[in-house]
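The structure appears right after this line, and notes come after that.
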Amino acid sequence: MNVPKIPLGDWVDVLVQWITVAFAGFFTFLTTVIDTLLDIIVNVLSAGPSIILIIVLTLLVAYTSRWPLGIFTLLSLLLIDNLGYWDSSIQTIAIVILSGLLTIIVGIPVGIWCAQRKTVHRIVTPILDFMQTMPAFVYLIPSILFFGIGVVPGIIASFVFAIAPTIRMTNLGIKEVPKDLIEAADAFGSSNSQKLFKVQLPIATPTIMAGVNQSIMLALSMVVTASLVGAPGLGADVYRAVSQIDVGKGFEAGLSIVFIAVILDRISQNLRKPAYENVIKKKIVYSILVVLVILTAIVTGVTKETAVKKGENGIGAKTDYQIIGIEPGAGIMAQANKAIKDYQLDNWQLQEGSSAAMVAELKKAYNQKKPIIITGWAPHWMFSTYDLKFLKDPKKSFGAVEDIHTIVRKGLEQDMPGAYTILNQFSWKPADMEKVMVDIKEGKDPAEASKKWINANGDKVGKWTKGAKTGNGETINLVYVAWDTEIASTNVIAKVLEQNGFNVKLSQVEVGPMFAGVANGSVDGMVAAWLPSTHREYYKQYRNDFIDLGSNLHGTKNGLVVPKYMDINSIEDLK
């Protein structure tokens, strides 16, 4: 069909941009509130040695769900502590608790409203259908723009993803209250509020609690997804293990999430009717627990020492001592951590997230002329879009100028000599790559942007294909990491291979799987190995299992990047 494309994506972009500006004050206020609440929860959970919280949770689980599960809780939490994931577990539990509280505060009133007003129910139901069907990753995009990078967008995305069961089950529970009880309440002259709080909610409580339980489990399932925008905890540990192909750490962090899921599930299921209520009244147990939480929050709030940071009027205070990074497994993140140690930037923190989250945060800060420090690399389209500069690195923490190498599996030359020749002769310059990246950034499909560049640079492409045997439809699998540079280069070489008779299959993965795939022969090659520094560890691990065809681009650079309107020029200025 030759019907023009409806610019739905553009409309959404404009709407989100307007909301970001119009409600900036509200988003800042909400961010402050959520950060404050999260800090309180983390401080309460981490007050004192880990064994204190382990004992408290063990007793609570044993009281609500019987002693065998209490023993399971004790052993599982001790194992988490022993494996070194206690701090991450505290962060994860705090995020889930806060997300759960938000779903209760918002979800139950909305569910009640739906039960009392048919019109509201008709409006809310399709919205909930949309929220439950939409992929969870999509919620991260506006969350980054509204709330920046860090734990807040992760909590908001978890809240949006998890709230539907609470609303639906609250609505269902109230509607299932027997009509004769409602009629009896009306006969005795009960007001609407009396009828709600003394008849409907008590009877609907089991159903409502089932919805809350499901919301908590959904919030917990979001911890890995939330780590993509910088949320800390076990999700970040899993994400880091995946990107680094660390099976052992991935299993440990994943097992910790399973343990926490079981504990939270049993507690939330049995809070209303604890197993040993006949021994100790639940009002007494819960009252003691609430008093302990409040006292701990007060004590930690009063006694917690506030670190005195140097240069509170300097760049550190203006950026909250944060360097905005990308995926935890990326080589540039290791370099940034090295820079923090080399330059003794003790107060600074490197915020993990993703490339997309980093760029979104840069865009937001740049448009408002706010200071920001990011991990950056060139070539990258952001240098063409924004006026940026690298901070000088006199200690060479980020290394020198790098190359991007082409790496293929063993045996490719014998299986597909034509493809091997093209990949071996593939070479271009940063300026060429940036042209493709800019076109992609401006909305062109990567394949179309690649085709445009190829058509305009036939002489360069001719050198790549010189002497190469034409393919006969053989399938060649290329793998790449979702960096803008690699999206551009991989799509360009893929299009050239297709024009020379090969059927190209592209697979987007993390850095670790990219190297592992070529090394074990499950994919044929890549043009995305940054050497000698960025991907040094992966290269050393698999160097004997693949063939390095050498550099396809010279002149890449890593470092800390800031907008040019910022009055700093060196990493040393961050002290």
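Structure notes:
- Rg over Rh for the stretch 332-415 works out to 1.08, both radii taken from alpha-carbon positions and Rh defined as the Kirkwood radius.
- For the stretch 8-56 and the stretch 158-235, distance of Cα centres in Å: 22 Å
- Long-range HN-HN contacts of LYS395 with modeled amide H, under 5 Å: none
- Kirkwood hydrodynamic radius computed over the stretch 454-498 comes to 11.9 Å, based on all pairs of distinct alpha carbons.
- Mean projected area of the Cα convex hull of the stretch 440-557, taken over all directions, amounts to 7.9 nm².
- Summed side-chain charge close to PRO202 - residues other than PRO202 whose Cβ falls under 12 Å, Lys, Arg +1, Asp, Glu -1: +3
- Put a dot 7 Å past the Cα of GLN132, heading toward its Cβ, do the same for VAL14, and the two dots end up 3.4 nm apart.
- For the chain, the longest principal axis of the C-alpha atoms and the axis of helix 484-499 are separated by about 50°.
- Counting only alpha carbon atoms, the long axis of helix 446-456 and the longest principal axis of the chain meet at about 20°.
- Average Cα contact separation per residue, the chain, under 8 Å, 6 or more apart, as relative contact order %: 15 percent
- Stokes-Einstein D in µm²/s, Kirkwood radius over Cα pairs - the chain at 20 °C with 1.002 mPa s viscosity: 80 µm²/s
- Cross-link partners of LYS281 among lysines (Cα-Cα below 16 Å; sequence separation of 8 or more within a chain): LYS273
- Taking a ≥ b ≥ c as the square roots of the eigenvalues of the alpha-carbon gyration tensor, the stretch 216-270 is classed oblate because a/c is 1.5 or more while a/b is no larger than b/c.
- Shape of the stretch 39-109, Cα gyration tensor, a/c cut at 1.5: oblate
- When the Cα positions of GLY250, HIS535, ALA94 are compared along the charge dipole of the chain, ALA94 comes out farthest toward the positive end, with charges on each C-beta of Lys, Arg, Asp and Glu.
- With only the Cα atoms considered, the stretch 251-292 has a convex hull volume of 85 Å³ per residue.
- Area accessible to solvent at PHE29, 1.4 Å probe radius, in Å²: 130 Å²
- Amide H partners (placed H, <5 Å) of LYS389, local residues excluded: VAL562, LYS564
- Distance violations [Cα-Cα > 22 Å] among LYS429/LYS451; LYS396/LYS429; LYS318/LYS575: LYS396/LYS429
- Listed by chain and number, the aspartates and glutamates whose alpha-carbon sits under 19 Å from that of LYS175, ignoring those within fewer than 8 places in the same chain, are GLU183, ASP186.
- Dividing the radius of gyration of the alpha carbons in the stretch 246-390 by their Kirkwood radius gives 1.14 for Rg/Rh.
- Compared with the dominant principal axis of the Cα atoms in the chain, helix 118-133 is inclined by about 40°.
- Quarter of the Cα convex hull surface for the stretch 1-124, i.e. its orientation-mean projected area (nm²): 14.6 nm²
The values are calculated or read from the model by the stated rules, or taken from the named source; none is laboratory data. Bear in mind the structure is a predicted one, so any value in this text is a computation, not a measurement. Don't worry about glycine lacking a Cβ; one is built from the backbone with ideal geometry, like all the others, and counts go over all protein chains shown. Keep in mind that these areas ignore ligands, DNA and RNA; they rest on the heavy atoms of the full protein, side chains included. Shrake-Rupley method; radii C 1.70, N 1.55, O 1.52, S 1.80 Å.
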